[in-house]
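A single structure is presented below for examination.
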Amino acid sequence: MLTNFAKPIAAVLGSLVLAGSLTACGDSAAAGDKTVTVYSADGLKGENGDGWYDRVFKDFEKQTGIKVEYVEGGSGEVVQRALRERTNPQADVLVTLPPFIQQAGGKGLLAKYAPQGSDQVSGADKAEDGTWTSVVNNYFGFVYNKQELKQAPTTWEELLDGKYKEKLQYSTPGVAGDGTAVLVKAMHDFGGKQAALDYLKKLQANNVGPSASTGKLAPKVDKGELLVANGDVQMNFAQSKSMPNLGIWFPATQGGRATTFALPYAAGLLNKAPHSENGKKLLDYMFGQTAQRQVSEIGGGFSARTDVKATDANAIALTKLMDGVEVFEPDWADIDKNLQSYVDDWKSATNS
């Protein structure tokens, strides 16, 4: 049985998608402006308007009269966009995955703010300096087509088989959070960077090619265009409700145990946000007990609050899915420090 089930450590459209018209507003924006802008990695907004974000934003707007403007992108992309705009911020709230949330904090993009309810989030799941807090817990995983493959693959080595040629794809490390997670997990499972790179070099023979979007891979797997792709538990579990051929699995090395690691969505208030008070209100709402109880019930994820014990059908199914999977803890400080060199080495090894 999985231990530390609710403890997270951390997917990711290729191009930024504007889900509402943005207005350029600086610190002089009128206090009565009833908008808040969120830059977020994908996975929490439903394919059919039925995701956690959809419910949370709708209820928040109804309760406060504040309209949520939503911009979705890859985990690294949303940070880079905020970085480009730092002299004239356009967003109020940033939600992304490790190590990109640490990157945002390290570059001074985030303001110190402790949302109401964040005191119930484990200390390991928020920044020591108070700039970000995990809002939805999650774990890294892979998906496969249950119709084409009668049983899930079990090992990394199986993916080198010729039947996966041009039927396998993973999102791009350094751009997508889940793509970066492929590299992180391979380095752990194979016992080091070079062994991981040697494997990923071999895997490239079957890889369709780069993808900045993890979120777009699951539909391809469901349709049979791909047999296997990377993803994450929350996003793929939610997608499986409308994608019946989607199955979730966790690779092991040959003779080893299936492993994963926590990959939470972490949220923070952007520095000099044009509507910082509205941003604080939204963060407070997202960390409230009602929204946190809906994380599993609606979003297919895990509540970040230790005092919210989900017992809905999704929570039970998620517990069963994670049963027997070994959870390891990446050294996020090392990954944050060396991410660019790891990505450069991956590019060199795979000719990407």
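Just to be sure before I move on: is Asp198 assigned by TED's automatic domain parsing to the domain that holds Asn271, out of contact with any Gly (no Cβ under 6 Å at 6 or more places or on another chain) and in a helix (DSSP H, G or I) in the structure I sent?
Numbers: assigned by TED's automatic domain parsing to the domain that holds Asn271: no; out of contact with any Gly (no Cβ under 6 Å at 6 or more places or on another chain): yes; in a helix (DSSP H, G or I): yes.
So Asp198 fails the test.
Here is a follow-up. Being touching a Leu at 6+ places or on another chain (Cβ under 7 Å) and small (Gly, Ala, Ser) is the filter; apply it to the range 87-123 and report the residue that is farthest from Lys67 (Cα to Cα).
First pass over the range 87-123, keeping only residues touching a Leu at 6+ places or on another chain (Cβ under 7 Å): 89-94, 97-99, 104, 107, 109-111, 113, 115.
So of that shortlist, the ones also small (Gly, Ala, Ser) come out as 91, 104, 111.
Working: Ala91: 13, Ala104: 25, Ala111: 22 Å.
Taking the candidates together, the pick is Ala104.
Scan Gly231, Gly177, Gly268 and give me the residue that is closer than 20 Å to Phe302 by Cβ, in contact with a Ser or Thr (Cβ under 7 Å, 6 or more places away or on another chain), assigned by TED's automatic domain parsing to the domain that holds Asn48 and not charged (D, E, K, R).
Answer to the check: Gly268.
Another question, if that's okay. Please go through the range 54-76 and give me each residue that is more than 16 Å from Asp284 (Cα to Cα) and surrounded by fewer than 24 Cβ atoms within 10 Å (Cβ to Cβ), ordered by number. Explain how you work it out, then say what you get.
Of the range 54-76, the ones more than 16 Å from Asp284 (Cα to Cα) are 54, 69-76.
If the condition is that a residue be more than 16 Å from Asp284 (Cα to Cα) and surrounded by fewer than 24 Cβ atoms within 10 Å (Cβ to Cβ), then Asp54, Glu69, Tyr70, Val71 are the ones that fit.
Which residues, taken from the range 183-198, are closer than 21 Å to Ala104 by Cβ and surrounded by 24 or more Cβ atoms within 10 Å (Cβ to Cβ)? I'd like the intermediate steps shown before the answer.
Kept after step one, since they are closer than 21 Å to Ala104 by Cβ, are these residues of the range 183-198: 183-184.
Scanning the range 183-198 gives a single hit, Val184.
Moving on. Within the range 123-155, how many residues are assigned to a loop (DSSP other than H, G, I, E, B) and either within 23 Å of Gly324 (Cα to Cα) or touching a helix residue (DSSP H, G or I) at 6+ places or on another chain (Cβ under 6 Å) (or both)? Can you show your working first?
So in the range 123-155, the residues assigned to a loop (DSSP other than H, G, I, E, B) come out as 127-132, 138, 146-154.
Cutting the leftovers down to either within 23 Å of Gly324 (Cα to Cα) or touching a helix residue (DSSP H, G or I) at 6+ places or on another chain (Cβ under 6 Å) (or both) gives us 127, 131-132, 138, 146, 149-154.
Qualifying residue count for the region: 11.
Consider only pairs whose beta carbons are under 7 Å apart and that are at least six residues apart or on different chains; among these, list those whose first residue lies in the range 193-209 and is under 13 Å from Glu157 (Cβ atoms) and among the aromatic types (Phe, Trp, Tyr) and whose second residue is modelled with pLDDT of 95 or more and surrounded by 17 or more Cβ atoms within 10 Å (Cβ to Cβ).
Tyr199/Trp156; Tyr199/Ala186; Tyr199/Phe190
Scanning for something in a helix (DSSP H, G or I), farther than 26 Å from Ser171 by Cβ and out of contact with any Cys (no Cβ under 8 Å at 6 or more places or on another chain), does the range 63-81 turn up at least one residue? Steps first, please.
At the first step, the residues of the range 63-81 found to be in a helix (DSSP H, G or I) are 63-64, 75-81.
Pick out the ones that are also farther than 26 Å from Ser171 by Cβ and you get 63-64.
Checking the rest, the ones that are also out of contact with any Cys (no Cβ under 8 Å at 6 or more places or on another chain) come to 63-64.
Scanning the range 63-81 turns up at least one residue that is in a helix (DSSP H, G or I), farther than 26 Å from Ser171 by Cβ and out of contact with any Cys (no Cβ under 8 Å at 6 or more places or on another chain).
Let me confirm something: among Gly105, Gly117, Gly141, which residue is in contact with a strand residue (DSSP E or B) (Cβ under 9 Å, 6 or more places away or on another chain), on the phi > 0 side of the Ramachandran plot and not aliphatic (A, V, I, L, M)?
On the way: Gly105 fails: on the phi > 0 side of the Ramachandran plot; Gly141 fails: on the phi > 0 side of the Ramachandran plot.
Step by step, each of Gly105, Gly117, Gly141 is checked, and only Gly117 is in contact with a strand residue (DSSP E or B) (Cβ under 9 Å, 6 or more places away or on another chain), on the phi > 0 side of the Ramachandran plot and not aliphatic (A, V, I, L, M).
Okay, next question. Restrict the check to the range 202-217 and report whether at least one residue is at pLDDT below 95 and assigned to a helix (DSSP H, G or I). Steps first, answer last, please.
Here is the first cut: in the range 202-217, the residues at pLDDT below 95 are 209-216.
From what's left, assigned to a helix (DSSP H, G or I): none.
No: the range 202-217 contains no residue that is at pLDDT below 95 and assigned to a helix (DSSP H, G or I).
So, one more: Looking at this structure, is Gly179 under 22 Å from Val78 (Cα atoms) and part of a helix (DSSP H, G or I)? Spell out how you get there, then give the answer.
Values: under 22 Å from Val78 (Cα atoms): yes; part of a helix (DSSP H, G or I): yes.
So Gly179 fits the description; yes.
Within the range 304-352, how many residues are of a type in the set (Phe, Trp, Tyr), buried (at least 19 other Cβ atoms within 10 Å of the Cβ) and within 20 Å of the chain's Cα centre (by Cα)?
Within the range 304-352, the subset of a type in the set (Phe, Trp, Tyr) is 328, 332, 342, 346.
From what is left, the residues that are buried (at least 19 other Cβ atoms within 10 Å of the Cβ) are 342, 346.
Narrowing further to those that are within 20 Å of the chain's Cα centre (by Cα): 342.
Number of matching residues: 1.
Residue-by-condition table, conditions (1) modelled with pLDDT under 95; (2) among the acidic types (Asp, Glu); (3) under 20 Å from Pro274 (Cβ atoms):
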residue: Ser21; (1), (2), (3): yes, no, yes
residue: Cys25; (1), (2), (3): yes, no, yes
residue: Val56; (1), (2), (3): no, no, no
residue: Pro89; (1), (2), (3): no, no, yes
residue: Gly108; (1), (2), (3): no, no, yes
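The values are calculated or read from the model by the stated rules, or taken from the named source; none is laboratory data. No experiment lies behind these values; they were computed from the predicted model shown. Neighbour counts are summed over all protein chains in view; Cβ atoms, including those assigned to glycine, are modelled from backbone coordinates with ideal geometry.
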